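The block underneath contains the structure these notes are about, expressed in structure tokens.
The values are calculated or read from the model by the stated rules, or taken from the named source; none is laboratory data. Treat the numbers as computed from the prediction; the structure is a model and nothing was measured. All Cβ positions, even for glycine, are placed from backbone atoms using ideal geometry, and neighbour counts span all protein chains on display. These accessible areas exclude ligands, DNA and RNA; they are computed on the full protein's heavy atoms, side chains included. Shrake-Rupley method; radii C 1.70, N 1.55, O 1.52, S 1.80 Å.
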Amino acid sequence: VNWLKRFSEDKWVEYLVYRYKFRLFPQKKILTKFPPYLLIEPTSVCNLRCIMCFQVDNSFTKKKYMGMIPWKIFSKAVDEAASKDCKAITLASRGEPTLHPQLPQMIKYISDKGILDLKINTNATRLNDKLSHAILENNVSELVFSVDAGTKETYEQIRVLGKFDKVLQNIKNFNEIRSK
């Protein structure tokens, strides 16, 4: 319903068909030629060391596993998804997407390709005006702030290296930009 309220009616049928397939095809064990949804990891690097995350495992975070997705691979994945009727992409996974220097361009590229449902998960530590505008101007349908606690003490115990006050300010700034 939130998606339908935000986007034009000429996209509603396409969106509802996609959501129907997304929800019911797995239950009915119906396979499509291409996934209706992709999760793309802009980077495996994270700036926090949350107590529940595998990023705290040094054997995982050795250099050979860490890095940024090159534009050529990213654009190839998005191009293929768009040409194969994929309707949803999430930018997230092991790393913090806002650490990728090309994230604003990635968001725009996905939007320009007509992907209906773009989701981003972020710890909001690096959320700034430029990223906020890119998110708001390019039809990001869902933005998840991974915060995990409502107090500075608990947050900083869970989200090691995170600064609660800074994250809270970044989220407030995002909401102010959205309001304007």
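Less than 5 angstrom separates the built amide H of V144 from those of I120, N121, T122, all sequence-distant by 5 or more or on a different chain.
Given a Förster distance of 25 Å, report the FRET efficiency between V1 and K163 from their Cβ-Cβ distance, rounded to the nearest 0.05. Write down the numbers at each step before the final one.
Details: r = 35 Å, r/R0 = 1.40.
That pair, V1 with K163, gives E of 0.10.
Per residue, the solvent-accessible area of the chain (1.4 Å probe, heavy atoms of protein chains only, all protein chains present) comes to 60 Å².
Candidate values (1) 9, 33, 34, 21, 4; (2) 8, 32, 39, 17, 3, 0, 0; (3) 9, 29, 24, 16, 12, 7, 3, 0 were compared with P(r) over Cα pairs in 10 Å bins from 0, in percent computed on the shown model; the agreeing label is (1). Couplings for segment 154-162, taken from phi via the Karplus curve 6.51 cos²θ - 1.76 cosθ + 1.60 with θ = phi - 60°, read 5, 4, 6, 6, 7, 9, 4, 6, x Hz in order; Gly and Pro are left as x. Length gained on full extension, V17 to S111: 31.9 nm, using 0.36 nm per residue less the C-alpha separation.
Taking segment 40-127 as the region of interest, the number of lysine pairs whose Cα atoms are within less than 25 Å, with members eight or more places apart or on different chains, is 22.
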